[in-house]
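Step one of this worksheet: look at the structure below.
Just so it is clear, none of the values below were taken in a lab; they were calculated from the coordinates. Being a predicted model, the structure only gives us computed values, none of them experimental. For neighbour counting, all protein chains shown are included, and Cβ atoms are generated from backbone atoms with ideal geometry for every residue, glycine included.
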There are 2 protein chains.
Amino acid sequence: MKKDVLITEVALRDGSHAVSHQFTINQVETIVEHLDKANVPYIEVAHGDGLGGSSLQYGRSKVDEMKLIEAAVAKSHNSKIATLLLPGIGTKKHLQQARELGVHMARVATHVTEADVSAQHINLAKEMDMETVGFLMMAHMVPTTKLVEQAKLMESYGADIVYVVDSAGALLPHQVKERIKALKEELGVEIGFHGHNNLSVAMGNTIEAIHAGASRIDGSIRCLGAGAGNTQTEVLIGVLEKLGISTGVDMYKIMDVAEYQVAPLLPKPQEITKDSLAMGYAGVYSSFLLHARRAAEKYNVDTRDILVKLGELKAVGGQEDMIVDIAQEMAKNENPMHI
Amino acid sequence: MKKDVLITEVALRDGSHAVSHQFTINQVETIVEHLDKANVPYIEVAHGDGLGGSSLQYGRSKVDEMKLIEAAVAKSHNSKIATLLLPGIGTKKHLQQARELGVHMARVATHVTEADVSAQHINLAKEMDMETVGFLMMAHMVPTTKLVEQAKLMESYGADIVYVVDSAGALLPHQVKERIKALKEELGVEIGFHGHNNLSVAMGNTIEAIHAGASRIDGSIRCLGAGAGNTQTEVLIGVLEKLGISTGVDMYKIMDVAEYQVAPLLPKPQEITKDSLAMGYAGVYSSFLLHARRAAEKYNVDTRDILVKLGELKAVGGQEDMIVDIAQEMAKNENPMHI
């Protein structure tokens with residue numbers, strides 16, 4: 001069967017954020033087994049912040065991600081296992097280890113302006129004969145011309161696919177359309193889209209991306225992902241069936257995985273809350289949320305004011321230290337008499 | 001301040017479904033008070049199935065809707081109170097009573113092929129000097145030409161505004177665009193859009209509707225509505241701010257109503273579940289869900305198979321009796337040896 005769009009299920013990587021990185025081997029086995037039966041082409045497995053993410057800073061995994069990857073590979077027959085690596089967090093050694101365990105696809109992720117740091121890892125992945133994705137995060141932060149330039153770098157390093165990644169859920173449909181269209185015109189490789197639902201347009205954006213030429217799409221079952229979660233996979237399959245776009249995924253089976261395997265694991269359903277909305281509105285990185293919330297509580301300011309300020313300052317991952325400074329500054333300004 | 005789009009908040013009507021029609025006077029007072037402060041132009045209050053909906057068939061209201069309307073009117077200073085009436089469920093007497101209590105806007109709702117039954121109630125509303133909306137439900141069930149014909153009827157009866165109502169959350173963005181565009185071209189009155197989120201495109205559809213010319217938009221705070229809920233109001237306000245489309249609604253205040261007044265009332269957060277997705281996919285009326293679920297349990301068949309079948313048969317509200325027949329038939333076919 002010809003497939004117009006190939007889906008990557010990210011609940012076992014991006015969704016790791018939603019369960020505070022507490023996935024167990026048994027959960028991964030069960031979910032992969034069912035995703036495999038539903039004929040999902042790719043299943044991504046890693047810590048939420050990619051290989052090597054388990055740490056005090058990003059949150060410790062309950063189970064070593066290599067054990068989870070091993071379990072996923074063992075349970076997949078139709079599906080291929082993918083993993084994510086952010087250079088600086090994950091190393092070449094992590095990637096080699098993942099490859100030895102049977103991971104088929106490497107997704108090398110950088111901030112949208114830092115494609116150059118992906119060169120070595122993309123090279124290595126290609127050397128190890130992996131299907132290789134360049135993953136341009138926070139794609140809303142730069143104009144399309146800059147995005148195209150960075151995507152071309154990843155293509156030049158050997159990436160088979162380049163993704164537009166709306167990490168903060170900050171893009172609107174017309175912006176996604178413009179970006180994907182430009183990449184389709186300027187690049188020779190396949191283009192992908194990874195959406196977040198902070199502004200409730202993950203699905204709207206994904207439809208636009210596909211119409212504009214994206215052929216690789218990320219989804220997460222029951223929206224299990226950072227922030228307000230991702231494009232909801234089982235819903236996407238239904239939408240694409242209605243649009244006559246083939247994915248090869250069994251709609252009823254994927255709906256069942258969502259209802260019976262994934263929903264029960266969620267500590268709470270994925271909603272668009274005040275904070276996740278502010279995050280999408282402000283256009284800031286998902287990993288800022290927890291820090292912003294803590295700082296807001298400590299200095300008695302509003303979490304969303306911190307997020308909006310971070311967006312204005314175009315803060316990026318790694319600049320978490322700014323958050324406390326911003327909160328302190330706000331607290332001072334809100335209480336000018338309070339020394 | 002010029003407003004490009006006027007929002008009607010439907011959580012206290014459509015959201016009545018999500019709380020099994022158990023709204024209390026105190027809840028309505030609190031929510032209206034806060035929506036009013038956030039400067040929401042219209043707030044709809046009624047039983048989920050409109051005036052007179054409280055019944056064994058549609059679910060009994062905890063508090064008489066006229067009491068709720070009275071409370072809403074008392075607490076609104078900036079906002080105008082709207083109500084919904086489905087001819088056949090609500091009567092002229094209900095509408096007169098609502099008007100006497102100070103309701104400003106009458107929304108007269110019919111199935112998309114039955115605009116003719118709205119004539120008397122639209123006439124009455126206009127006679128009583130109410131702002132009057134014709135509300136064409138299940139708009140996905142007919143081609144655009146038929147929708148235009150029905151909308152013109154409502155316009156001819158005196159409706160100030162005609163709404164495209166995606167009751168089942170079954171429309172996709174290109175379909176919304178086509179419908180709104182045609183109505184804008186063929187009618188002289190304002191056009192509105194009411195979305196449901198069963199296919200996760202309520203926001204995507206709403207953006208398309210506005211771009212195509214809709215100037216009246218329904219939203220529900222925290223998605224509080226039938227099925228998978230509606231276009232999430234507080235998110236919509238953020239999206240429209242980003243698009244430079246003015247609504248007059250205070251974004252931070254509406255986010256706070258969602259977080260502090262509405263979220264705590266929800267028996268469970270609005271998610272897109274297997275059933276609500278099947279409902280949107282099948283294109284069937286929200287009120288079928290509970291009946292289908294009961295029948296599915298009784299006859300040991302799949303709720304979503306019943307919904308898909310109802311969609312194929314183009315079943316409409318009032319045909320709930322078909323559900324048991326369908327379930328029985330399916331049970332027979334699935335167990336051919338079982339007499």
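What translational diffusion coefficient, in µm²/s and rounded to a whole number, does the Stokes-Einstein relation yield for region A:274-334 at 4 °C and a viscosity of 1.567 mPa s, taking the hydrodynamic radius as the Kirkwood radius over Cα pairs?
Values: Rh = 10.9 Å.
D, rounded to a whole number, is 119 µm²/s.
In percent, what relative contact order does region A:6-265 have, based on Cα pairs under 8 Å that are 6 or more apart in sequence?
Numbers: 587 pairs, mean separation 49.5, N = 260.
Rounded, it is 19 percent for region A:6-265.
Near A:THR145, within a Cβ-to-Cβ distance under 14 Å, what is the net charge of the other residues, with Lys and Arg +1 and Asp and Glu -1?
Working: positive: A:LYS146, A:LYS152, A:ARG179, A:LYS181; negative: A:GLU149, A:GLU178, A:GLU185, A:GLU186.
Net charge in that neighbourhood comes out at 0.
Sorted by mean Cβ packing within 10 Å, highest first, what order do the peptides B:68-75, B:96-103 take?
On the way: B:68-75: 22.5, B:96-103: 18.6.
Taking the mean over residues of other Cβ atoms within 10 Å, the ranking is B:68-75, B:96-103.
If you line up the long axis of helix A:321-334 against the longest principal axis of chain A, both from Cα atoms, how many degrees apart are they, to the nearest 10?
Between helix and principal axis, roughly 40 degrees.
At 1.306 mPa s and 10 °C, plugging the Kirkwood radius over alpha-carbon pairs of the protein assembly as shown into Stokes-Einstein gives what diffusion coefficient in µm²/s? Walk me through the numbers before you get to the answer.
Numbers: Rh = 25.7 Å.
The Stokes-Einstein estimate is 62 µm²/s.
Could you list, bin by bin from short to long, the percent of Cα-Cα pairs of region A:100-168 in 5 Å steps?
Values per bin, smallest distances first: 4, 21, 31, 22, 14, 7, 2, 1.
May I have the convex hull volume per residue, in Å³, for the Cα set of region A:225-339? Don't skip to the end; give the middle numbers.
Working: hull volume 14.7 nm³, N = 115.
That works out to 128 Å³ per residue.
When a footprinting reagent is the concern and you count Cβ atoms within 10 Å, what order do B:ASP302, B:ASP218, A:ASP275, B:ASP250 take, fewest first?
Numbers: B:ASP302 18, B:ASP218 30, A:ASP275 23, B:ASP250 15.
With the fewest neighbours first, B:ASP302, B:ASP218, A:ASP275, B:ASP250 line up as B:ASP250, B:ASP302, A:ASP275, B:ASP218.
Semi-axes, largest first, in whole Å: what does sqrt of 5 times each Cα gyration tensor eigenvalue give for region A:9-48?
Working: eigenvalues 60, 25, 8 Å².
For region A:9-48, the ellipsoid semi-axes come out as 17, 11, 6 Å.
Going by average Cβ density within 10 Å per residue, which order do the peptides A:10-18, B:176-184 take, highest to lowest?
Numbers: A:10-18: 28.4, B:176-184: 21.7.
Final packing ranking: A:10-18, B:176-184.
Ranking B:TYR42, A:TYR252 by Cβ neighbours within 10 Å, fewest first, what do you get?
Values: B:TYR42 22, A:TYR252 16.
Listed from fewest to most nearby Cβ atoms, that is A:TYR252, B:TYR42.
Pull up all non-local amide H partners of B:LEU6: gap of 5 or more, or a different chain, and H-to-H distance under 5 Å with H placed in the peptide plane.
B:ARG216, B:ILE217
Dividing the convex hull volume of the Cα atoms of chain B by its residue count, what figure in Å³ per residue is obtained? Intermediate values should be presented prior to the final figure.
Details: hull volume 40.7 nm³, N = 339.
Taking the convex hull of the Cα positions in chain B, it is 120 Å³ per residue.
For every other residue with a beta carbon closer than 11 angstrom to the beta carbon of A:VAL40, add +1 if it is Lys or Arg and -1 if Asp or Glu, then tell me the sum.
On the way: positive: A:LYS37, A:LYS80, A:LYS253; negative: A:GLU9, A:ASP36, A:GLU44, A:GLU234, A:ASP250.
Net local charge, A:VAL40 excluded: -2.
What are the label-to-label distances in nm, one decimal and shortest first, from B:LYS242 to the same spot in the other copies, with labels 7 Å along Cα to Cβ?
Output for B:LYS242: 2.2 nm, nearest copy listed first.
Against the longest alpha carbon principal axis of chain A, how many degrees, from 0 to 90 and to the nearest 10, is the axis of helix A:288-299 turned?
20
Count charges around B:SER287 for me, please; just the other residues with Cβ under 10 Å from its Cβ, Lys/Arg as +1, Asp/Glu as -1. Walk me through the numbers before you get to the answer.
Values: positive: none; negative: B:ASP49, B:GLU320.
Neighbour charge sum, excluding B:SER287 itself: -2.
Just check region A:47-135 against the gyration tensor rule for me: Cα atoms, a ≥ b ≥ c as the square roots of the eigenvalues, rounded for a/c under 1.5, and otherwise prolate or oblate depending on whether a/b exceeds b/c.
Since a/c reaches 1.5 but b/c is at least a/b, the shape of region A:47-135 is classed as oblate.
Return the distance in nm (one decimal) between the two label points of a simple spin-label model at B:ALA331 and B:GLN22, each offset 7 Å from Cα along Cα→Cβ.
Result: 2.9 nm between the two label points.
How far apart are the B:ASP116 label points across copies, placing each 7 Å from Cα toward Cβ, in nm, shortest first?
Distances between equivalent label points, in nm: 7.3.
If each label sits 7 angstrom from Cα along the C-beta direction, how far apart, in nm, is A:GLN96 from its counterparts in the other copies?
Label-point separations across copies, in nm and ascending: 8.7.
Whole Å is fine, so just give me how far the alpha carbon centre of region B:8-23 lies from that of region A:165-211.
For region B:8-23 versus region A:165-211, the Cα centre distance is 34 Å.
What number, rounded to the nearest 500 deg cm²/dmol, is the helix-based mean residue ellipticity at 222 nm of chain A, given -39500 (n - 2.57) per DSSP H run of at least four residues and division by all its residues? Walk me through the intermediate numbers first.
On the way: 14 runs with 146 residues, N = 339.
Rounded to the nearest 500, it is -13000 deg cm²/dmol.
For peptide B:35-48, how many partner chain Cβ atoms fall within 10 Å of a residue's Cβ, on average? Let's see the in-between values first.
Numbers: counts 0, 0, 0, 0, 0, 0, 0, 0, 0, 0, 0, 0, 0, 0.
If you average over the peptide's residues, the count of other-chain Cβ atoms is 0.
Residues of A:261-274, mean number of Cβ from any other protein chain within 10 Å of their own Cβ, rounded to a whole number? All intermediate terms of the calculation are to be shown ahead of the outcome.
Details: counts 0, 0, 3, 0, 0, 1, 0, 2, 6, 3, 9, 10, 7, 10.
Counting Cβ atoms of other protein chains within 10 Å of each residue's Cβ and averaging gives 4.
Can you give me the Cα centroid spacing of region A:225-276 and region B:250-305 in angstrom?
14
For chains B and A related by rotation, which residue of B has the Cβ nearest the axis, and what is the rounded distance in Å?
Here the value is B:GLY204, 1.
By how many degrees, between 0 and 90 and to the nearest 10, does the Cα long axis of helix B:202-211 differ from the longest principal axis of chain B?
Once rounded, the angle reads 50 degrees.
Can you bin region A:1-79 into rounded, prolate or oblate? Criterion: square roots of the alpha carbon gyration tensor eigenvalues sorted a ≥ b ≥ c, rounded for a/c under 1.5, prolate for a/b above b/c, oblate for the rest. Working shown, then result.
Working: a/c = 2.60, a/b = 1.78, b/c = 1.46.
Verdict is prolate for region A:1-79.
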